[in-house]
Amino acid sequence: MNAPQIPDWSVQSYDFAAWTDATNLIGGTWQLPLESHGVLDVENPRHGKAIAQVHMSGAADVDAAVKAGKAAQPAWAALPLRERAQVFYKLRELMERDLDQLSWLVSHENGKTFAEAKAEVLKAIECVEYGCSLPNLAAGSELQVSRGVTCRLEYAPVGVVAGVTPFNFPLMVPLWMLPQAIVGGNAFILKPSEQTPLSMIALGELFREAGLPDGIFNVVQGGREAVEALCDHPGIGAFGFVGSTRVAKLVYGRSAMTGKRALCLGGAKNHLIVVPDADLEVAAGNIVASFTGCAGQRCMAAANLLAVGDVEHIIDEIKKRAAALTLGQDLGAINSAASVDRIQGYIDGAVAAGATVVVDGRGDSVGEGGHWLGPTVIDGVSADQVAAREEIFGPVLSIIRVKDLSEALAIENGNPYGNASAVYTTSGEVARKVMGNVEAGMCGVNVGVPVPREPFGFGGWNDSKFGQGNITGWDGFRFWTRVRKVTTKWALQQDQNWMN
Ligand code: NAD
């Protein structure tokens, strides 16, 4: 693997700094696209200026990556799983070594704060650790199913597989997929978001240092053309996707057309329910952290607060804490100017529909340039308004007033998404009722961002996920592998068992 010109990345602050341009990694070689679909700027959202450019690829590059994967994969699959996992032990060490450097890179290409970026890298390391644990988990099983006959399960790789990831977690989301897929014996083609393609260049270099053979981790940069080529390529056996629901649904159908297995995670509209007996500190602190963390640009962010009965004291505390946050320090930038316009459009639309903005982040900014919007709380939103139904993907909390828990559950269950939901209460009965009836795959009791930590699998329900199972944990390993059932009969010699 030849090295790309990774700059001497000694940046330890938010100061503007350029990075290297994003190219493809095919069979261990960093290279420009064979089929160019132009060049885009990679912006640092905090400054609103390009730190690099990304070279957009097409079907010819996907085909080259498949060929490189096919050439490398048999030798990789022939290694014992335990040996394949060793690369991830080494990778874990290298990521710990480069923790700050990786965190600054994520912060610069995505716009999130350094603390948030560091939390992302640490969570990515946790995913790598799951890969390290696979030798202890993937033993398969065997049973004597009748006299002299045994049945055994083995986990075989799929071959060449692919993943497509969004802009909001440029390092962590790829590492939801890579450990299970690569330890499982596959060659991987990753297509990162064209908005945040740089972390995968750093990861490609770390894989090289960790000893991963060329061709097992390939990167194809690009957008729609590259993704469609991945869906259509007959040489790719499994396709993982994380992004918006609109695209998840499209690529789920498209990749299935060529007989691939597909698991496509989509967008979200997460409802948090707060009841009068909730602990003030826990509820207000958590709800604010949930809707403002990563500037609201995460699929687990609180979007709608279903305020049951008289919870005025909690809402007052939410408003106070949200208004006290410092933009640029406590929450980072929005990924693009277009996204700021989109989010503002939702807020303006809610006001036009009769809601009231009680904490207003419109127009807030940090320094010159950059894409900013401060924490915003909208009260008096009704469940049928656009702001309550569509994914805003910004630091905006819509408060919907309801009279009781049944009304809250009806609104939550009426939304088409099913990623996350949470309830704030000190009552076990309330918690049980909500957890037992809510239409969401990842639920929290007094937890605003109920991400299931490893080894529990990450994945929502309904329009938040297309396909079976979860993307992380054991489900992830099962998704990237095929189960071989081996039945063996040990025949007796002339009906005699000579061992008698
Ligand atoms: P996006 O859907 O715009 O892009 C995701 C990926 O799809 C990118 O790599 C992009 O290049 C590609 N893409 C975009 N348009 C395409 C098209 N028409 N055809 C084929 N490929 C296309 O999403 P985003 O803006 O990068 O990320 C934000 C979205 O991702 C939000 O909806 C968020 O909720 C969701 N998300 C979901 C999860 C989850 O686990 N469910 C996690 C993170 C983000």
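The alpha-carbon atoms of the stretch 148-241 define a convex hull whose volume equals 115 cubic angstrom per residue.
For LYS465, the residues whose amide H sits under 5 Å from its own are GLY266, ignoring neighbours fewer than 5 places away on the same chain, with H placed 1.01 Å from N. Computed over protein heavy atoms with a 1.4 Å probe, the accessible surface of the chain works out to 39 Å² per residue.
In the stretch 376-491, the C-alpha radius of gyration followed by the widest Cα-Cα span (Dmax) gives 18.9, 76 angstrom.
For the stretch 13-102, what class follows from the C-alpha gyration tensor (a ≥ b ≥ c being the square roots of its eigenvalues): rounded when a/c is under 1.5, otherwise prolate if a/b is larger than b/c, else oblate? Provide the component values of the computation, followed by the final result.
Working: a/c = 4.20, a/b = 1.27, b/c = 3.31.
Verdict is oblate for the stretch 13-102.
In order along the stretch 42-50, the phi-based Karplus estimate (6.51 cos²θ - 1.76 cosθ + 1.60, θ = phi - 60°) of 3J(HN,Hα) comes to 9, 8, 8, x, 5, 9, x, 10, 6 Hz; Gly and Pro are listed as x. The apolar share of the surface of the stretch 375-500, taken as the fraction of accessible area on carbon and sulfur atoms (1.4 Å probe, ligands and nucleic acids excluded), comes to 51 percent.
Summarised in one figure, the compactness ratio Rg/Rh of the chain, Cα atoms and Kirkwood Rh, is 1.02. Applied to the stretch 321-329, the Karplus parametrisation 6.51 cos²θ - 1.76 cosθ + 1.60 on θ = phi - 60° returns per-residue 3J(HN,Hα) values of 5, 5, 5, 7, 6, 9, 5, x, 9 Hz, with x for Gly and Pro. Residue-wise HN-Hα couplings along the stretch 279-284, as the Karplus relation 6.51 cos²θ - 1.76 cosθ + 1.60 with θ = phi - 60° gives them from phi, are 6, 4, 4, 4, 5, 5 Hz; Gly and Pro carry x. For a modelled paramagnetic label at ARG482, 7 Å from Cα along Cα-to-Cβ, the residues of the stretch 241-267 in reach, with backbone nitrogen under 19 Å, are 255-263.
Here's how it looks for GLY159: its modeled amide H is under 5 Å from those of ALA187, which are all 5 or more places away or on a different chain. Spin-label pair LYS49-THR150: with each label point 7 Å from Cα along the Cα-Cβ axis, the two points sit 6.6 nm from one another.
Counting only DSSP beta bridges with both residues in the chain, the antiparallel share comes to about 45 percent.
Spherically averaged projected area of the convex hull of Cα atoms, the stretch 181-329: 12.4 nm².
Charged side chains reduced to their Cβ positions (Lys and Arg at +1, Asp and Glu at -1) give the stretch 266-331 a dipole of some 420 debye around its Cα centre. In this structure, the amide hydrogen of TYR424, modeled 1.01 Å from its nitrogen in the peptide plane, lies closer than 5 angstrom to those of ILE273, VAL274, VAL275, ASN446, counting only residues at least 5 positions away or on a different chain. In the stretch 348-500, the DSSP beta bridges split such that about 45 percent are antiparallel, to the nearest 5. Which whole-angstrom value gives the distance between the alpha carbon centres of the stretch 246-275 and the stretch 88-163? The two parts, judged by their Cα centres, are 22 Å apart. The share of C-alpha pairs in the stretch 246-373 whose separation exceeds 20 Å stands at 56 percent. Only helical runs count toward this figure. For the chain, summing -39,500 (n - 2.57) over DSSP H runs of n ≥ 4 and dividing by all residues gives -12000 deg cm²/dmol at 222 nm.
The values are calculated or read from the model by the stated rules, or taken from the named source; none is laboratory data. This is a predicted model, so every value here is computed, not measured. Virtual Cβ from ideal backbone geometry, glycine too; neighbours counted across all protein chains shown. In case anyone asks, the SASA skips ligands and DNA or RNA and just uses the protein heavy atoms, side chains included. Shrake-Rupley method; radii C 1.70, N 1.55, O 1.52, S 1.80 Å.
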